[in-house]
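K.L.:
Below: one structure in structure tokens.
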Amino acid sequence: MTQTQRPAQVGEVRHLIGGEWKQASDGATFETRDPHDGSLLGLVPKGTADDGRAAITSARTAFDEGPWPQMSPKERAKILHAVADKVDEHRDELALLETRDGGKGINQSLHAEIPRVAHNLRFFADYVSLAANEAYPDGDLFSYVLYPPAGVVSAISPWNAPLMLATWKIAPALAFGNTTVLKPAPQTPLTAHRFAELALEAGLPEGVLNVVHGFGGEAVAGPLTSDPRVDRITFTGSSATGVKILQSAAPNHTPVSAEMGGKSANIIFDDADLDVAVPMSIRAIFAGNGQVCLSGSRLLVQNSIMDEFLARFTEEASKLTVGDPKDPSNFIGPLIEQRHLEKVHSYVELAQEEGGKIITGGARLTGADHAAGFYYPPTVITGLTNESRTAREEIFGPVETVLGFDTEDEALRITNDSPYGLAGMLFTQNLDRAHRMAARWKAGTVWINTFFERDLRLPFGGEGSSGLGREGGQYSRDFFTEPRAVTMRLRH
Ligand code: NAD
């Protein structure tokens with residue numbers, strides 16, 4: 001059997017705690033199923049609070065007594081590169097697991113997300129050694145900064161880009177010498193499990209990476225956010241869960257990095273090159289089945305080109321192929337689960353109540369190829385204002401809300417009138433305007449004539465309901481370490 005064909009076996013998933021594969025302390029399990037056809041992919045331990053505490057104990061022991069924090073950055077980098085090598089070797093297998101567990105199109109899993117997993121590991125492995133460090137000679141005083149690891153890191157990740165986002169947290173945490181407890185989303189546990197197997201094979205010491213499965217709140221994730229033995233919490237998920245995690249962490253003063261929801265604007269000015277702006281705008285909302293935090297889900301089009309742009313955009317949207325995500329010719333796969341499909345559709349119904357007009361899409365696909373999965377077509381809605389709930393709340397599906405504007409100031413006002421502030425993109429050939437807009441945009445990331453490009457040296461995060469703090473390059477170092485000032489007096 002080739003790697004690509006290797007299926008996740010029922011019963012295969014376990015917690016990884018202290019180098020051992022474990023069931024939940026009470027033996028309970030839950031199912032993970034393929035959103036394309038409902039087939040059972042795995043039985044997963046339904047972690048208890050005891051499991052969470054055991055994983056923290058393991059990470060604590062590995063940090064306090066193990067070799068990992070004491071290793072030189074180069075020694076750690078060697079192991080993290082070996083883990084990345086394993087990811088590269090098993091790229092086909094991991095991509096198929098991701099696609100089956102979460103419905104992500106195979107092209108994206110294979111050519112974007114799993115390669116990015118390896119890149120996350122390699123980038124931070126090398127960053128620790130290559131980054132500049134500060135020294136401040138000042139007469140007879142000489143000061144410098146140390147960046148010792150913070151300790152035990154809880155990493156809580158979502159289902160929409162499972163292993164890519166899990167390693168966006170794990171890689172810097174480990175590279176800077178921390179030990180970790182990862183809790184992947186319950187909808188998509190398979191790649192985290194397989195990754196943990198590969199990491200052990202590659203030589204990651206036991207207890208340095210622990211993985212527990214299950215749900216939030218009182219269950220396994222509870223201790224991950226409330227146990228005083230945890231030194232950092234890095235979370236990616238919804239803004240509502242982020243608030244709960246911040247509350248849970250507050251009594252221990254545990255620092256939290258939170259990457260949360262978005263409702264990003266994509267602004268098309270009348271001087272944009274539409275041959276670029278139309279296809280990019282299509283990808284900006286419909287890639288990943290619309291389940292992307294960064295997606296350009298509020299499309300702002302200058303009124304002078306509205307008719308032309310909308311005609312081209314809608315035509316392209318309605319041509320997108322929706323179907324089995326394992327088939328590389330399909331662009332849109334199923335949504336993650338029934339509950340989420342219902343949420344997405346409820347927003348389309350709400351949009352109509354709010355006076356919106358559905359230009360294309362707008363109802364679940366139920367034909368022979370789609371009936372067994374959670375398929376929703378590309379949907380374009382016009383006629384709403386930015387005050388509507390549809391335009392303000394995160395839908396997290398293949399649903400685009402189109403709004404018109406006349407002037408640059410108006411576009412900026414609409415853009416910044418949002419509880420979110422994660423990202424944004426604009427298409428224009430006027431460079432002055434592009435940089436004026438970027439300087440005044442309420443967002444952690446602004447893309448000009450492009451989108452979704454990520455350089456891991458840049459800060460990543462959001463304003464308002466989109467996040468707290470930044471990660472990436474030196475921003476990850478600042479979060480995952482406990483910077484220490486050292487000053488000595490020199491005797492002359
Ligand atoms: P979610 O908040 O429901 O779950 C995220 C993770 O938190 C899961 O592992 C979940 O089990 C866990 N969790 C839930 N309740 C918890 C609690 N009380 N304590 C501790 N952990 C808890 O989010 P989701 O539905 O999995 O993901 C979609 C959301 O994530 C969207 O809002 C999306 O915008 C956001 N997201 C943000 C980014 C970003 O970088 N800003 C990236 C991807 C996704």
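K.L.:
Give the lysines reachable from residue 74 as a straight Cα distance under 21 Å; neighbours fewer than 8 places away on the same chain don't count.
P.N.:
Within reach: 86, 169.
K.L.:
How large is ³J(HN,Hα), in whole Hz, for each residue of the stretch 61-71 in order, when computed from phi with the Karplus curve 6.51 cos²θ - 1.76 cosθ + 1.60 and θ = phi - 60°, using x for Gly and Pro?
P.N.:
4, 5, 6, 6, 10, x, x, 4, x, 7, 5
K.L.:
If you take every residue apart from residue 482 with its C-beta less than 13 Å away from the C-beta of residue 482, what net charge results, scoring Lys and Arg +1 and Asp and Glu -1? Let's see the in-between values first.
P.N.:
Values: positive: 232, 477, 484; negative: 231, 478.
Local net charge: +1.
K.L.:
Given a 1.4 angstrom probe, what's the average accessible area per residue across the chain, in square angstrom? Show your work: numbers first, answer last.
P.N.:
Working: 19290 Å² over 492 residues.
Averaged over the residues of the chain, the accessible area is 39 Å².
K.L.:
Okay, moving on. At 222 nm, what helix-only mean residue ellipticity would the chain give, in deg cm²/dmol to the nearest 500, using -39500 (n - 2.57) for each DSSP H run of four or more? Mind showing how you got there, number by number?
P.N.:
On the way: 15 runs with 180 residues, N = 492.
Value at 222 nm, helices only, nearest 500: -11500 deg cm²/dmol.
K.L.:
Going 7 Å from the Cα of residue 389 toward and past its Cβ, which residues in the stretch 229-258 have a backbone nitrogen under 15 Å from where you end up?
P.N.:
Correct set: none at all.
K.L.:
Exceeding 18 Å between C-alpha atoms, which entries from my cross-link table qualify? They are 263/319; 183/244; 319/343; 46/183; 104/263; 22/183.
P.N.:
Details: 263/319 24 Å; 183/244 16 Å; 319/343 24 Å; 46/183 11 Å; 104/263 21 Å; 22/183 14 Å.
In this structure, 263/319; 319/343; 104/263 exceed 18 Å between Cα atoms.
K.L.:
Something else: Got a number for carbon plus sulfur as a percent of the stretch 265-461's accessible area, 1.4 Å probe?
P.N.:
Numbers: 3840 of 7840 Å².
Ligands and nucleic acids excluded, carbon and sulfur reach 49 percent.
K.L.:
Among the aspartates and glutamates, which fall within straight-line cross-link reach of residue 357, defined as a Cα-Cα distance under 19 Å, with same-chain neighbours fewer than 8 residues apart omitted?
P.N.:
307, 308, 315, 316, 349, 387, 393, 394, 400
K.L.:
Now for a different question. Classify the stretch 165-268 as rounded, prolate or oblate from the Cα gyration tensor: take a ≥ b ≥ c as the square roots of its eigenvalues, call it rounded if a/c is under 1.5, otherwise prolate when a/b beats b/c and oblate if not. Mind dumping the intermediate values first?
P.N.:
Numbers: a/c = 1.67, a/b = 1.24, b/c = 1.34.
Cα axes put the stretch 165-268 in the oblate bin.
K.L.:
Can you send over the carbon and sulfur percentage of the accessible area for the stretch 17-102, probe radius 1.4 Å, protein chains only? The partial results should precede the final answer.
P.N.:
On the way: 1760 of 3660 Å².
After summing per-atom areas, the C and S share lands at 48 percent.
K.L.:
Give a residue-ordered list of calculated ³J(HN,Hα) values for the stretch 430-438 (Karplus: 6.51 cos²θ - 1.76 cosθ + 1.60, θ = phi - 60°; whole Hz; x for Gly, Pro).
P.N.:
Each residue's phi maps through the Karplus curve to give 8, 5, 4, 4, 4, 6, 4, 5, 4 Hz.
K.L.:
Another question about this same structure. Given H placed 1.01 Å from N in the peptide plane, which residues other than close sequence neighbours of residue 180 have an amide H under 5 Å from its amide H?
P.N.:
Long-range HN contacts for residue 180: 153, 209, 210.
K.L.:
Please list, ordered by chain and number, the residues whose modelled amide H lies under 5 Å from the amide H of residue 447; skip anything fewer than 5 residues away on the same chain.
P.N.:
Residues meeting the criterion, in which the H sits 1.01 Å from N, are 424, 425, 426.
K.L.:
If you wrap a convex hull around the C-alpha atoms of the chain and split its volume per residue, what is the figure in Å³?
P.N.:
Values: hull volume 75.3 nm³, N = 492.
It comes to 153 Å³ per residue, whole-number rounded.
K.L.:
Rounded to the nearest 0.05, what FRET efficiency is calculated for residue 126 and residue 453 with R0 set to 22 Å and r the Cβ-Cβ distance?
P.N.:
Working: r = 20 Å, r/R0 = 0.92.
For R0 = 22 Å, the calculated efficiency reads 0.60.
K.L.:
Something else now. Given a Förster distance of 41 Å, report the FRET efficiency between residue 369 and residue 71 from their Cβ-Cβ distance, rounded to the nearest 0.05. Please list the in-between numbers first.
P.N.:
Values: r = 52 Å, r/R0 = 1.26.
About 0.20, to the nearest 0.05.
K.L.:
Around residue 360, which amide H atoms from residues at least 5 apart in sequence, or from another chain, sit under 5 Å from its own amide H, with H modelled in the peptide plane?
P.N.:
Amide H to amide H, under 5 Å and 5 or more residues apart or across chains, residue 360 pairs with 380.
K.L.:
Another one. Grab the other residues whose beta carbon is less than 15 angstrom from that of residue 455, score K and R as +1, D and E as -1, and report the net.
P.N.:
On the way: positive: 116, 122, 454, 457, 470; negative: 126, 453, 471.
With Lys, Arg at +1 and Asp, Glu at -1, the net is +2.
K.L.:
In addition: Grab the Cα-Cα distance for residue 250 and residue 357, subtract it from 0.36 nm times how many residues apart they are, and report the gain in nm with one decimal. Can you show the working numbers first?
P.N.:
Working: separation 107, 0.36 × 107 = 38.52 nm, distance 4.41 nm.
Length difference between fully extended and current span is 34.1 nm.
K.L.:
What number, in percent, do you get for the relative contact order of the chain if the mean sequence gap of Cα pairs under 8 Å and at least 6 apart is divided by its residue count? Write out the running numbers ahead of the final one.
P.N.:
On the way: 1124 pairs, mean separation 86.7, N = 492.
18 percent.
K.L.:
Here's something else I'd like to know. Helix 91-102 versus the longest principal axis of the chain: what angle, 0 to 90°, nearest 10, using Cα atoms?
P.N.:
Compared with the principal axis, the helix lies near 60 degrees.
K.L.:
Take residue 140 and residue 21, extend 7 Å from each Cα along the Cα→Cβ direction, and tell me the distance between the two endpoints in nm.
P.N.:
Simple spin-label model gives 6.4 nm for this pair.
K.L.:
Could you estimate the translational diffusion coefficient of the stretch 265-461 from the Stokes-Einstein equation, with Rh from the Kirkwood formula over C-alpha pairs, at 4 °C and 1.567 mPa s, in whole µm²/s?
P.N.:
Details: Rh = 17.0 Å.
Using the Kirkwood radius from Cα pairs, D works out to 76 µm²/s.
K.L.:
Between the stretch 125-187 and the stretch 196-269, what is the separation of their alpha carbon centroids in Å?
P.N.:
Distance between centres, Cα-based: 14 Å.
K.L.:
For the stretch 58-98, what does the alpha-carbon gyration tensor say about shape, rounded, prolate or oblate, given a ≥ b ≥ c as the root eigenvalues, a/c under 1.5 as rounded, and a/b over b/c as prolate? Present the calculation step by step, with values, prior to reporting the outcome.
P.N.:
Working: a/c = 5.66, a/b = 1.93, b/c = 2.93.
Here the stretch 58-98 falls in the oblate category.
K.L.:
A further question on this structure: Shape call for the stretch 1-129 from the C-alpha gyration tensor, a ≥ b ≥ c root eigenvalues: rounded (a/c under 1.5), prolate (a/b greater than b/c) or oblate?
P.N.:
Details: a/c = 2.60, a/b = 1.15, b/c = 2.26.
The shape class here is oblate.
K.L.:
Sticking with this one: Per residue of the stretch 451-463, in order, report the coupling 6.51 cos²θ - 1.76 cosθ + 1.60 (Karplus, θ = phi - 60°) as ³J(HN,Hα) in whole Hz, putting x for Gly and Pro.
P.N.:
6, 6, 6, 10, 9, 6, 7, 7, x, 10, x, x, 9
The values are calculated or read from the model by the stated rules, or taken from the named source; none is laboratory data. All values reported here derive from a predicted model rather than from experimental measurement. Neighbour counts run over all protein chains shown; Cβ positions are idealised from the backbone, glycine included. Each accessible area value is taken on the protein alone, full model and side chains, heavy atoms only, with ligands, DNA and RNA left out. Shrake-Rupley method; radii C 1.70, N 1.55, O 1.52, S 1.80 Å.
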